[in-house]
2 protein chains.
Amino acid sequence: MSVTGITASNPYSNVNDLLSNVRNFKIIESTLREGEQFANAYFSRENKIKMYVERDNAQSREDCEAICKLGLKAKILTHTRCTMEDAKLACDCGVDGVDVVIGTSQFLRTHSLGGRDMKAITKQALEVIEYIKSRGCEVRFSSEDSFRSDLVDLLSIYRAASNAGVGRVGVADTVGCASPRQVYDLVRTLRGCVNTDIEVHFHDDTGCAVANSFTALEAGATRKLALRSYYLDDHSDHSTYIFQTDHRSDDQYSLQKYAFRLTFCGIDIDTSVLGIGERNGICPLGALMARMMPTSRDYILSKYKVHQLKAIEDFVAETVEINVPFNNPITGFCAFTHKAGIHAKAILNDPSTYEILKPEDFGLSRQLYRYVHFTSRLTGWNAIKSRVDQLGLKMTDDQIKEVTAKIKQMADLKVMTLDESDALIRSFHLELTQAEAN
Amino acid sequence: MSVTGITASNPYSNVNDLLSNVRNFKIIESTLREGEQFANAYFSRENKIKMYVERDNAQSREDCEAICKLGLKAKILTHTRCTMEDAKLACDCGVDGVDVVIGTSQFLRTHSLGGRDMKAITKQALEVIEYIKSRGCEVRFSSEDSFRSDLVDLLSIYRAASNAGVGRVGVADTVGCASPRQVYDLVRTLRGCVNTDIEVHFHDDTGCAVANSFTALEAGATRKLALRSYYLDDHSDHSTYIFQTDHRSDDQYSLQKYAFRLTFCGIDIDTSVLGIGERNGICPLGALMARMMPTSRDYILSKYKVHQLKAIEDFVAETVEINVPFNNPITGFCAFTHKAGIHAKAILNDPSTYEILKPEDFGLSRQLYRYVHFTSRLTGWNAIKSRVDQLGLKMTDDQIKEVTAKIKQMADLKVMTLDESDALIRSFHLELTQAEAN
């Protein structure tokens, strides 16, 4: 039986598309930075080089320098406190960009920053931003504990950082308290206040990191045209400039050649492999992929090698000595196991009935056993029928129902393996053949 | 240092309170129903009785009857396909209520229900609902695969079920495709169409089950006054009736005594312990508790014995032979472990700086080791200072910074245990004392 005119995507996704574009986003892979804050994480330099992308502060400066010298295609960013001391060390490592972070909630200003007020924090941030720019590095400015910060404080400091020329501003749910609607409201509001990319960073203490990341994308992915300025000397090969000036009338810019370009600002999502990070971690890369696939499959498959997901997760799990959670989206051992009879029956007709993700997209082999779990009390005879066919045996529907009843009876008493249910099917079939022969 | 005037709750939560009430909800614990669909779940009757609440269909009828005979305070509900055959078996078991479910998406109507149209499905549903009511049981009516169903189809069948007198209607994200804003829109709309409780059921294939449950609560928890009718004979002790009639003029009701009562309709959230269920499962009970605590701590502590959470999770994990995921909210081994130096320093000042959940609420012991993870390269000297104090040793700040540098150096080479860092601190202190004596 085949269904025409049904797409695997959610019918409601069209509604969202009017407001936002979830098919265009960037991921900032932070396993080496946030991930190293995970309780069990002790990465050797060799393993760091395997996992490179965003590095933590200057404490492991040699590792950082070693990664920078690899000459990778990826940009190497480092993440530091928003202080002049950290910024200097970071720039000395030869990175492409520096992500600076400073606490803005009253909790952090009181307990981590010695009671400083927002005015002092803003002044310090602008000095550090100016310094990093003068060293020729990109700057990302993030507040810490954004969702327990005052909204006006937040928007003010982001606007100041945006005007100072940072490439990205970061929203961080450092304590994991944010809920999707709060995220939507804040990112939507911020989108109207800054002409930069927005980076989002969600901790998973309350289990919402994936949903918050997705909702941020919905709120901010409506890319906004922004007029950004560039030094002509740096970007002379760009063909997308729409106008340029030789000089500006105000003193500050009078000696510089500037070009202006219309650019699109988007959303960058922080992830780490398996979500490892401080406390119970942040948005996991694999779960975010699972979340994006139903709405943005073509985009993801064109941009990410998702079939390597399992290998990457296994590597990181081994390195930090944890198990991949049983309920991990995509790669959890039961992610594509269907047990209830009515589910198994429908899956045999068409997997999309109960599956919005295709295991083959992720390089996972489609085994029927993985698909339909036979050996349970809840198993339907349709699943057994399919197995009988696979084993090359001939039985009538009534006979299959009879052997299904036997399998269920045994499954009530013990956990059955596939071999055991196969053996039961084969011996039942043998009896039938012998009965016929007699 | 102490902070006055800061509450642990999210400052934005007040905004939501104008629209919704997240401090009043019910949980439908479905470990025995949905949980038994988990790949590894084979529950013995003994274990089922320990875990009772919502039972699956009539396949395990004797288990269900045994649970009903226990005379528990909890209501016993059973979950069946929306067919007359299943409904009869369910009512025969002596349950308090029957939850019926029928597929409404085109996927399920095609592959699971033989291509039936919504008219036929609605007719069947109303017959089954009428029958169950005639047996004196409560009825919950749920659609299956609600988020890939046509919105008008959905609202029509829910309205019909509501008019037929069901106590609850269920929204089920059977395939795990829903996102928070879709949930908000659907539940908000549905809230205006039915005068019943709304039950929500979210699968976790894309990692959004907890966020979707919370968002449903925001959308539907604005409890709506509903005029419900009761037989006077059944509810003669109720004091909350606001008016009553001896008869109704239309034929259908002319022989019955009716009372009307203003009731409040709320949201019921399906959970299972650790989220076990079909494929990678549904909304986990513990993670939902973590999500609700920052906004609704008093309500939860008054209603749920959250300090038993870990024991319940451990019991279920053992029964189905899985590990509690490393990143499980609240009970994951690192949920209250702080590793980065700036985090550790602030936590020592006040835990609420980086924690929105209190481990002691969940009966978890507050060990400093659990709190501040010392033995890492990222450890700050403040954490070491606190440990030096705990060990009863006297050192100056400069000396503590010196030993911290030694600990970091060693942590670069190997994973250090608490014992090892203690030994290093003690031997450093011994050297200081000997140097002073000489």
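Please treat every number below as a calculation from the coordinates, not as lab data. Just so it is clear, the structure is predicted and the values come from calculations on it, not from any experiment. As a convention, Cβ positions derive from the backbone with ideal geometry for all residues, glycine included, and neighbour counts pool all protein chains shown.
Considering amide H positions built from the backbone, and no H for Pro or chain starts, which residues 5 or more places from B:V171, or on another chain, come under 5 Å of its amide H? Under 5 Å from the amide H of B:V171: B:E199, B:V200, B:H201. Counting, for every residue in A:139-148, the Cβ atoms of other protein chains within 10 Å of its Cβ and taking the mean gives 2. Here the 3J(HN,Hα) profile of the stretch A:270-285, calculated from phi with Karplus coefficients 6.51, -1.76 and 1.60 at θ = phi - 60°, is 6, 9, 9, 5, 6, x, 4, x, 3, 6, 8, x, 10, 4, x, 4 Hz, Gly and Pro shown as x. Taking all Cα pairs closer than 8 Å and separated by 6 or more residues, the relative contact order of the stretch B:94-203 comes to 28 percent. Beyond a 32 Å Cα-Cα separation, which of these cross-linked pairs lie in this structure: A:K305/A:K394; A:K401/B:K310; A:K339/B:K88? Check vs 32 Å cut-off fails for A:K305/A:K394; A:K401/B:K310.
Counting Cβ atoms of other protein chains within 10 Å of each Cβ in A:282-292 and taking the mean gives 3. Inter-copy label distances at A:S134, using a point 7 Å along Cα-to-Cβ, come to 8.7 nm with the shortest given first. Working ranking of peptides A:105-112, B:211-218, A:316-323 by packing, defined as the average number of other Cβ atoms within 10 Å per residue, highest first, is B:211-218, A:105-112, A:316-323.
For A:H338, nonlocal amide neighbours, meaning residues 5 or more places apart or on other chains whose placed amide H falls under 5 Å from its own, are A:V372, A:H373. Exceedance of the 23 Å cut-off in Cα-Cα distance is limited, within the set A:K26/A:K119; A:K26/A:K75; B:K345/B:K406, to A:K26/A:K119.
Ranking of B:D96, B:D185 by neighbouring Cβ atoms within 10 Å, starting from the fewest: B:D96, B:D185.
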